[in-house]
């Protein structure tokens with residue numbers, strides 16, 4: 001009896017977390033008339049909403065924009081974030097750590113106006129370069145946060161051995177420490193990518209027509225369509241699906257990354 | 001690692017953050033003492049404390065400040081309780097636990113704007129399933145986002161849906177570190193399930209949960225995407241938080257000086273939470 005109760009509760013809780021996603025997918029596959037009349041089951045399904053979104057509103061272009069921005073900001077964050085996290089973990093640079101982590105706490109709204117002015121002076125307004133720079137402020141703290149915890153948990157034996165064998169600190173870092181830290185690098189990279197992909201505020205203010213990423217394109221889609229629920233949901237599914245697929249495959253890594261540092265084992 | 005090498009490793013990231021974050025913050029503080037329409041050809045004009053004086057007499061600003069705090073405290077409190085409850089539910093092994101843990105990840109990883117749109121459909125008074133469900137159960141239909149009274153609680157509810165999983169994950173990670181022997185010993189001594197929860201789980205999870213609550217509060221204060229995408233601050237400003245009001249003042253009304261003053265006040269509120277976090281951190285060493 002107690003077991004049945006427990007399982008029922010679990011199923012209900014999971015249903016609550018899943019419902020909006022299921023509804024989103026379901027509505028994206030239905031005709032407008034079916035959604036407005038409240039018939040979401042039965043009858044025929046259609047891919048027409050996706051055709052509208054990708055053919056009439058060029059969502060493919062925005063997918064490319066989102067990919068370019070998220071990939072570059074992730075790669076560059078790893079490039080400068082990994083050595084920083086390593087130095088913090090091995091050298092105990094608390095003030096440096098705090099400076100970088102404060103970036104996670106600062107309200108983005110206070111940064112966009114100065115950035116807009118700066119990018120304008122630099123002739124970078126609305127370019128990929130400017131988008132990558134501001135997205136890096138989202139992804140870099142994730143890389144540093146996750147990796148300094150990861151490096152701290154890593155034994156120094158291997159790098160000590162490498163250095164005794166004549167490798168320099170940089171060589172030991174690149175050839176010994178990084179390969180050993182691959183799970184951590186993957187975790188922090190995935191999180192950096194997801195949070196750049198999801199970012200809305202920075203892109204809303206700073207992107208131009210040709211660099212607009214998916215969340216902003218989706219938001220402007222609301223205004224275009226006279227509440228075309230099917231189209232809106234097809235857009236929402238297209239934005240969310242890549243992230244959810246990643247989540248399904250590397251669930252364990254993501255959980256480890258999100259909870260890094262919050263618990264001292 | 002020696003000192004010079006450490007700096008070499010850390011300097012690109014540190015320099016980047018200083019250029020991309022510290023400079024803009026200082027600029028925003030300066031702008032809050034100026035009046036500026038956003039025109040790049042007309043320079044900002046110095047107005048001293050005028051922007052702050054205007055804000056103190058601005059009912060819309062004061063309401064937004066109160067609303068930001070209510071939203072944060074209310075949503076995070078519910079998330080803490082529900083997050084712990086769900087964690088205790090999912091803690092013991094059962095078939096499909098891996099799947100369950102993946103499912104609870106989805107709300108916090110999905111793109112917030114997309115989530116906002118999905119909930120717009122869910123809560124739509126005429127075509128949404130939520131009202132059909134509750135009228136089917138014999139309860140009265142709710143206006144959700146369309147009423148000035150229910151819009152803020154509805155947005156808090158969505159925040160709870162989105163972020164309770166984060167609390168659950170942190171609680172699960174914390175629970176996994178608790179010593180099994182303590183529970184066994186307590187059970188042998190005749191402590192019931194509630195007593196074990198009250199006397200062992202809560203005190204031992206305390207530091208983890210405090211850190212989780214503060215980090216989550218800082219993020220909740222900054223909530224922008226979902227509110228802006230779903231209501232834009234309406235109806236009649238009733239879901240306008242400081243973040244939304246600051247955005248509208250700057251990028252829709254082109255009063256960048258006053259917007260900067262709003263942002264500075266907002267900074268200070270976030271800073272209070274951050275300082276508390278740092279203080280607790282130095283006492284318990286839970287977050288670095």
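The values are calculated or read from the model by the stated rules, or taken from the named source; none is laboratory data. This structure is a prediction, so every number in the text was calculated from the model and none was measured. So basically every Cβ, Gly included, is an ideal-geometry build from the backbone, and we count neighbours across all protein chains shown.
Any chance the range A:62-71 includes a residue that's modelled with pLDDT under 90 and surrounded by 16 or more Cβ atoms within 10 Å (Cβ to Cβ)?
no
Filter the range A:62-97 down to the residues that are over 30 Å from residue A:156 (Cα atoms) and without any contact (Cβ under 8 Å) to a residue 24 or more places away in the chain and list them by number.
A:64, A:67
When the range A:182-211 is examined, which residues are found to be within 11 Å of chain B (Cβ to nearest Cβ), surrounded by fewer than 22 Cβ atoms within 10 Å (Cβ to Cβ) and either closer than 25 Å to residue A:150 by Cα or within 9 Å of the chain's Cα centre (by Cα) (or both)?
A:195
Is it the case that the range A:242-258 has a residue that's within 7 Å of another protein chain (Cβ to nearest Cβ) and within 30 Å of residue A:36 (Cβ to Cβ)?
yes
What about residue B:153, is it within 24 Å of residue B:82 (Cβ to Cβ), surrounded by 13 or more Cβ atoms within 10 Å (Cβ to Cβ), at pLDDT 85 or above and touching a helix residue (DSSP H, G or I) at 6+ places or on another chain (Cβ under 6 Å)?
no
Checking the structure you have, find out if any residue of the range A:30-45 is touching a residue at least 60 places away in the same chain (Cβ under 8 Å), closer than 28 Å to residue B:157 by Cα and not in a helix (DSSP H, G or I).
Among the residues of the range A:30-45, at least one is touching a residue at least 60 places away in the same chain (Cβ under 8 Å), closer than 28 Å to residue B:157 by Cα and not in a helix (DSSP H, G or I), which makes the answer yes.
I'd like to know if the range B:187-206 contains one or more residues that are surrounded by 20 or more Cβ atoms within 10 Å (Cβ to Cβ) and either within 12 Å of chain A (Cβ to nearest Cβ) or within 30 Å of residue A:221 (Cβ to Cβ) (or both).
yes
Go through B:29, B:81 for me and flag whichever is within 30 Å of residue B:176 (Cβ to Cβ) and under 25 Å from the mean Cα position of the chain (by Cα).
So the residue among B:29, B:81 that is within 30 Å of residue B:176 (Cβ to Cβ) and under 25 Å from the mean Cα position of the chain (by Cα) is B:81.
Could you tell me whether residue A:66 is within 11 Å of chain B (Cβ to nearest Cβ), in a helix (DSSP H, G or I) and touching a helix residue (DSSP H, G or I) at 6+ places or on another chain (Cβ under 7 Å)?
Yes, satisfied.
Return the residue satisfying two criteria in turn: it lies in the range B:22-48 and is modelled with pLDDT under 90 and part of a helix (DSSP H, G or I), and of such residues it is nearest to residue A:77 (Cα to Cα).
Per the stated criteria, the residue is B:22.
Residue A:108 passes all but one of (1) farther than 16 Å from residue B:270 by Cα; (2) within 9 Å of chain B (Cβ to nearest Cβ); which number fails?
Answer for residue A:108: the failing condition is (1).
Determine if the range A:46-58 includes at least one residue that is in a loop (DSSP other than H, G, I, E, B), touching a helix residue (DSSP H, G or I) at 6+ places or on another chain (Cβ under 7 Å) and at positive phi.
No, the range A:46-58 contains no residue that is in a loop (DSSP other than H, G, I, E, B), touching a helix residue (DSSP H, G or I) at 6+ places or on another chain (Cβ under 7 Å) and at positive phi.
For the range A:109-214, give me every one of the helices (runs of 4 or more DSSP H) that falls completely inside it and has 3 or more residues that are within 30 Å of residue B:6 (Cβ to Cβ). Talk me through it step by step, then tell me what you get.
On the way: elements: A:109-121, A:128-152, A:157-164, A:169-172, A:182-198, A:201-206.
Output list reads A:109-121, A:128-152, A:157-164, A:169-172, A:182-198.
Which residue pairs have Cβ atoms closer than 9 Å, lie 6 or more positions apart in sequence or on different chains, and pair a first residue in the range B:113-136 that is without any contact (Cβ under 8 Å) to a residue 60 or more places away in the chain and at the interface with another protein chain (Cβ under 7 Å from one of its Cβ atoms) with a second residue that is surrounded by fewer than 17 Cβ atoms within 10 Å (Cβ to Cβ) and not in a helix (DSSP H, G or I)?
Final answer for the pair search is B:127/A:37; B:127/A:38; B:129/A:38; B:129/A:40; B:132/A:38; B:132/B:141.
Scan the range B:215-269 residue by residue and report those that are within 10 Å of another protein chain (Cβ to nearest Cβ), surrounded by fewer than 24 Cβ atoms within 10 Å (Cβ to Cβ) and within 13 Å of residue B:67 (Cβ to Cβ).
Within the range B:215-269, B:221, B:244, B:266, B:269 qualify.
Matching residues to (1) over 23 Å from residue A:217 (Cβ atoms); (2) under 22 Å from the mean Cα position of the chain (by Cα):
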| site | (1), (2) |
| --- | --- |
| A:22 | yes, yes |
| A:27 | no, no |
| A:33 | yes, no |
| A:48 | no, no |
| A:53 | no, no |
| A:57 | no, no |
| A:60 | no, yes |
| A:63 | no, yes |
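Pick out, from the range B:178-288, the helices (runs of 4 or more DSSP H) lying fully within it that include 2 or more residues that are in contact (Cβ under 8 Å) with a residue 12 or more places away in the chain.
The qualifying helices (runs of 4 or more DSSP H) are B:180-188, B:202-221, B:225-230, B:242-247, B:256-284.
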